[in-house]
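Colleague: Pasting in a structure now, in structure tokens, and then I'll have a few things to ask.
The values are calculated or read from the model by the stated rules, or taken from the named source; none is laboratory data. Because the structure is predicted, anything quoted here is derived from the model rather than measured. We place every Cβ from the backbone using ideal geometry, glycine too, and count neighbours over all the protein chains shown.
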Amino acid sequence: MNIQSTQTGISGVSDIPMDERPFSRQSLDRTLTEIRSGRRLEKIVSTIESFLHSQVTRLDTALKECNRAVENDKIVQRILAEFELEKQAWEVNRQAEILRLSAAGEELIRGWEQLEDERRKWSDQGSNSSTG
């Protein structure tokens, strides 16, 4: 080993290009940059994941509300159908009552007419017997 090679060996670090040195400044800077980029990417991914999670939660909530609305609509439709049936039954009963009252009214009119006829007959008989 000569002194020249020993000196080169000792100061030979300066002979190795900076980007090939195991712990060079550029290498450390690049590593730090990559670490920072990785952390930024992790933050971005975390933000996106959080956003997507909140969107899925909102969609789940909206689906539940839609399902409740569908169920409520079915209930309302059933109630309306029952109401229509009751309304039709009420209308049938109302028409029957109208017919019954109309027939009763006709019968009452006939009864009054018959009573009036009887009263006239008695009145005519009474006036004929008092004149005769």
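Colleague: Output the qualifying pairs, or none if there are none: Cβ atoms under 8 angstrom, residues six or more apart or on different chains, first residue in segment 100-118 and surrounded by 10 or more Cβ atoms within 10 Å (Cβ to Cβ), second residue assigned to a helix (DSSP H, G or I).
Modeller: none
Colleague: Hey, another quick one. Within segment 97-128, how many residues are at pLDDT 95 or above and of a type in the set (Phe, Trp, Tyr)?
Modeller: 1
Okay, residues lined up against (1) surrounded by 10 or more Cβ atoms within 10 Å (Cβ to Cβ); (2) modelled with pLDDT of 95 or more; (3) in a helix (DSSP H, G or I):
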residue: PRO22; (1), (2), (3): no, no, no
residue: ARG30; (1), (2), (3): yes, no, yes
residue: GLU82; (1), (2), (3): yes, yes, yes
residue: TRP90; (1), (2), (3): yes, yes, yes
residue: GLN95; (1), (2), (3): yes, yes, yes
